[in-house]
Ligand SMILES: Nc1ncnc2c1ncn2[C@@H]1O[C@H](COP(=O)(O)OP(=O)(O)OP(=O)(O)O)[C@@H](O)[C@H]1O
Ligand SMILES: [Mg+2]
């Protein structure tokens, strides 16, 4: 479902020297598989996740996700592809600051065109957010933001779930809820790629891939 | 979820930003509305002032004309209507008219629909010597005053009738014979009382004696006959003697009309001058008002775009800073799959809301301000409403368009990795 072949990425920055964040990396996640990705800080985990999510064109290498090669698509088609096939939980959550929890979960529906409030409310309950439905992210705890981001990633019922340290800010109980949800997602045939530093999270995954600094 | 939902949530979330933007648009719109209203009111005022001036100039012109008419009366009449068989050479040579025509002619002329002539004066005139005053040569002038022209409004008579038993005496005669008002004299055996004496005119008038026409006719043995009709043509501009002649001889076939020459021309010129000076003063006023107006237009032409550009810049700046704030939000929306068209829609939707609300407030504000400044409510026309409103919305949209396009084109991943 996720297939990265010989993928490299080099950040070009006008200020400093170029940064080789990912070097000739292969990564495969089959449908129904839950893969954990770990490695030291700055080894390129987030970069790899963005590449897999159709958000960052790699400098070289082949990327196939959910049967498509996102970087062979136009920008608009890639956006549509993301809306349709990919759920992304960002390391910094990236919630829309002026939307409340419910609207944040519903936000992907602007792209897909179908608004399913009941589904959004069910996701809210699932992640214990029903009492915070009408608060904006600024009023939420870090854990609540993380769970809102998770609910938003699941809203469009994607084929691929990419999660950047989804349990990083959670207590073990809440972390367990998230991990169970990821396992359930994989069990239904989805592919999960999760970046983590925690053993608890790695144990929940089917496989763990450890990256080293390029 | 629809795009306008994002727009409204964002407006509500960043209230201050929205209010400031609305204020900027309102002020620019108010400026424009007001400028348009002021110009319109000014145009109306200019017209009113000019109409007033025009009327005043007309009136002054008419008064001047009237004065000129009176002043130039002494210069003589334009046209003299004579019996057809009168030898003109004889008349010019001897200064007397030997042929006569029925006095009834003047009535016929007065009752005709003659348009070229304004004043008719039947006369008898004869050069003679005054036996009772040492045979001093005089010109005897019999006049009955003006014959009113039937189809005209009565005009002020140029010459008053001399009553029976009275005489008016020219300057030289009066001086030589020591005649004053109320002096009693005898002329050809008839008693007369001097009605008044004229000031010096430097013409044959100075040796003329004016008496009542009827009396003169009796004294000269020419009852119901006259020598000439003095006709004064009033529409003096240009040479109309040919037309006057034709008109007169058509009505009175037994006559000839001759022009009196230089004095008539002088009068015509004087009247033309009066008219020209009135017109010059009017056109000077028109030019002055136009200059004032074009100055105001110039000021408005500078101020209005300045206010508009100022508010556009402010809008643009605010959107730009807003866009910077919202870069991450744009990246997020792009990451979860919104098209760039949709992202743009969120920004332009906001601009539209701000533009429309700002325009409404601005127009109301501008109208209220205009009413206060002008103390009169000139109803603003469609232009004064549509132009500022359209401009406000346009400016708001444009102010958002460029930064929003730039933001929507940003690489989402780059922004998302910034913290
Ligand atoms: N936009 C960028 N421009 C330049 N360098 C970048 C950029 N984003 C990331 N990097 C660099 O690329 C390398 C990989 O970054 P990345 O965020 O993928 O690491 P990571 O493995 O996710 O680290 P962490 O565990 O701390 O989140 C780092 O050295 C980082 O400094
Ligand atoms: Mg990372």
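For the range A:177-196, the candidate set comprises residues that are at negative phi and outside any helix (DSSP H, G or I); within that set, the residue that is farthest from ligand 1 (Cβ to nearest atom) is A:188.
Confirm whether residue A:120 is in a helix (DSSP H, G or I), within 16 Å of ligand 1 (Cβ to nearest atom), within 14 Å of chain B (Cβ to nearest Cβ) and under 19 Å from residue A:86 (Cα atoms). Taking the combined requirement at face value, the residue does not satisfy it.
The set of residues in the range B:50-100 that are at pLDDT below 75, in contact with a helix residue (DSSP H, G or I) (Cβ under 9 Å, 6 or more places away or on another chain) and exposed (fewer than 14 other Cβ atoms within 10 Å of the Cβ) comprises B:67, B:71, B:95.
Scanning the range A:74-117 for residues that are more than 10 Å from every other protein chain (Cβ to nearest Cβ) and touching a residue at least 60 places away in the same chain (Cβ under 8 Å) gives a single hit, A:89.
Residues that are within 14 Å of chain A (Cβ to nearest Cβ) and either touching a residue at least 24 places away in the same chain (Cβ under 8 Å) or closer than 16 Å to residue B:19 by Cα (or both) within the range B:334-363 comprise B:334, B:335, B:340, B:342, B:343, B:344, B:345, B:346, B:347, B:349, B:350, listed in sequence order. Where residues in the range B:125-154 are touching a helix residue (DSSP H, G or I) at 6+ places or on another chain (Cβ under 7 Å) and outside any strand (DSSP E or B), which of them is modelled with the lowest pLDDT? For the range B:125-154, the residue satisfying everything is B:150. Screening the candidates A:55, A:73 for the property of being within 16 Å of ligand 2 (Cβ to nearest atom) and at pLDDT below 95 yields one hit, A:55. Within the range A:146-176, the set of residues being away from every other protein chain (no Cβ under 14 Å), crowded, with 17+ Cβ neighbours inside 10 Å and away from ligand 1 (no atom under 16 Å from the Cβ) comprises A:147, A:170, A:174, A:175.
In the range A:136-176, the residue that is farthest from ligand 2 (Cβ to nearest atom) out of those that are free of Cβ contacts under 8 Å to residues at least 24 places away in the same chain and part of a loop (DSSP other than H, G, I, E, B) is A:157.
The values are calculated or read from the model by the stated rules, or taken from the named source; none is laboratory data. Computed from a prediction, not measured in an experiment: that's the story for all the values here. Positions of Cβ are generated from backbone atoms using ideal geometry, with glycine treated the same way; all protein chains shown enter the neighbour counts.
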